[in-house]
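The numbers here are math on the coordinates, done by the rules we state, and not lab data. Fair warning: this is a prediction, and the values are worked out from it, not measured in the lab. Cβ coordinates were reconstructed from backbone atoms using ideal geometry, including for glycine residues, and neighbour counts include every protein chain displayed.
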Amino acid sequence: MRKAEHKPAEKVEFRHLWGQAKPADLNATAEAGPDALYEGIEPVLPLGLPFVRTAVREEWFDWPALPELLPVSFPGVKTSRDSFLVDVDLNRLRARIADYFDATLSHEEIARRYPGIMQTRGRFNAHAVRDELLNRGGPDEAGFIRFAYRPFDTRWLYWESDGGLLDRPRTDYRQHVFEGNTWLVTQQRPRREWSSPQVISHIGCIDLMDRSATSIPAWLREDDIGSGARRPNLTGTAQRYLDRLGLGAADLFHHVLATMHDPTYREANAGALRMEWPRIPLPGWPDGGADGAAAALSVSAARGRELAALLDPDTPVAGATQAPLRPEIAAIAVPATVGGRNMAEEDFPVTVGWGHYGQGDAVMPGQGRAVERDYAPDERAAMGDALPFLGDTTFDIHLNGKAFWRNVPAVVWAYRLGGYQVLKKWLSYREREILGRPLRPEEVQHFSETARRIGAILLLTRSASPTSPLPTGS
């Protein structure tokens, strides 16, 4: 493999100057020489002169960037009017949209019932948009679609391709959303720390990531006339590489997913991942001539398929969400009550402050009630060898004063995806003040299943995977 050529940078002296210092420390600093105050770094010029120490493997620039493999991607849908156009409950969404398209209801009456949708802001002229849509007639029954709103949080969206109701409907994106297609959600440059990708099967929100989520499909529809024809989302170079190995587009797609969830890959390249598209190690790239390349890629792709199933909340997973559950998974997030009885309908309201409205209709996370404790003996016995990978302590996560999910391991509770603490974010939207009702039994179960998916993801990536998805010299 030909090495990428880039000139070494000049040496730069660097020191963190923030933080609270004691007077004695300040005196010592004033008397110290430059060698004691600063450390030398060499900025990685291809990453744009980052004048801080940057974690990146030497081989990083020899690996293809994500768009060099999977070239077509789409930014997520932006409604700018989530509180009206998005809902957990389809019937509630249908009722709002029916009112909006009811010509007997004046703009003033719609504004009284649903203030957010009738506020003119920026390019959105609320009255003009509604007038245009009323003249067209509606609503469009095909516009009620499933919407990947936040990690592990799929809702309903009323989608219009034109008319201005959505800020960014992404018509070009929607035509490639079809049954059997899988999408990887990532970003080119994160706002804060880089996040491993999500997997979705519905159209996705731009806020799936905490800064402009990008959705990358495994397949593209050949046309928009409903023929069902599809083609892989591959560059010509990637297709030739796979042909040489005798592998397919799905193998590469799932290898990419496995690589980006590998802890060693993330840690070794943390600096570069914050600054540009992820780059993916491939054995024998670009001609596929390395010994064992096909076998190595196949092993990684198999792990990626397991991860894809766990990351997609609509995909059942035997042992994690479908019985019989693995013992270490079944012990996670068990619905329980303070009195020890089974959880019942009266226990379902979420009322301990997990979420509240902030500015406008934005939902902000609250403190809630998470009780940290040691594992109980029966939990330790059930979880066995999984415990070292899930944290030294566990939490009981309360819905209210009577009901809780028992045994949410510390690492599962803290798990972040897309910049969000997944379980806490989900709960913030389900506070009764926000949701407008108690949880339903299937929603209580969804929380348990999401915690169990996270536990299985952590066990797969931390304990069952090798230190790298491919040999380090790939």
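Excluding the sites themselves, what is the longest stretch of the chain that contains no GluC sites (Glu not before Pro) in a DSSP loop with at most 16 other C-beta atoms within 10 Å?
Answer - 277-474.
Please sort by residue number the trypsin sites (Lys or Arg not before Pro) in region 65-138 whose DSSP state is loop and whose Cβ has at most 10 other Cβ atoms within 10 Å. Write out the running numbers ahead of the final one.
Working: sites: LYS78, ARG81, ARG92, ARG94, ARG96, ARG112, ARG113, ARG121, ARG123, ARG130, ARG136; in loops: ARG81, ARG123.
Qualifying residues, ordered by number: ARG123.
Could you work out [θ]222 nm for the chain from helices alone, using -39500 (n - 2.57) per DSSP H run of at least four and dividing by all its residues? Round to the nearest 500 deg cm²/dmol.
It lands at -8500 deg cm²/dmol.
Points 7 angstrom from Cα along the Cβ direction at GLU372 and GLU132: gap in nanometres?
Taking the simple label geometry, GLU372 and GLU132 are separated by 5.2 nm.
Tell me, in nm to one decimal, what length is gained between ALA98 and ARG192 on full extension, where the rule is 0.36 nm per residue of separation less the Cα-Cα distance?
That works out to 29.8 nm of additional length.
According to the square roots a ≥ b ≥ c of the eigenvalues of the Cα gyration tensor, what is the shape class of region 82-212, taking rounded for a/c under 1.5, prolate for a/b larger than b/c otherwise, and oblate for the remainder?
prolate
How big is the equivalent ellipsoid of the chain along its three axes, where each semi-axis is √(5λ) from the Cα gyration tensor, reported in whole Å from largest to smallest? Display every interim value, and only then the final one.
Working: eigenvalues 294, 192, 144 Å².
Gyration-tensor ellipsoid for the chain: 38, 31, 27 Å.
Report Rg (one decimal) and Dmax (nearest whole number) for region 165-309, counting Cα atoms only, units Å.
Reported Rg and Dmax, both Å: 16.0, 55.
Just from the alpha-carbon atoms, what are the Rg and Dmax of region 327-462 in angstroms?
Values for region 327-462 (Cα only, Rg and Dmax): 14.6, 48 Å.
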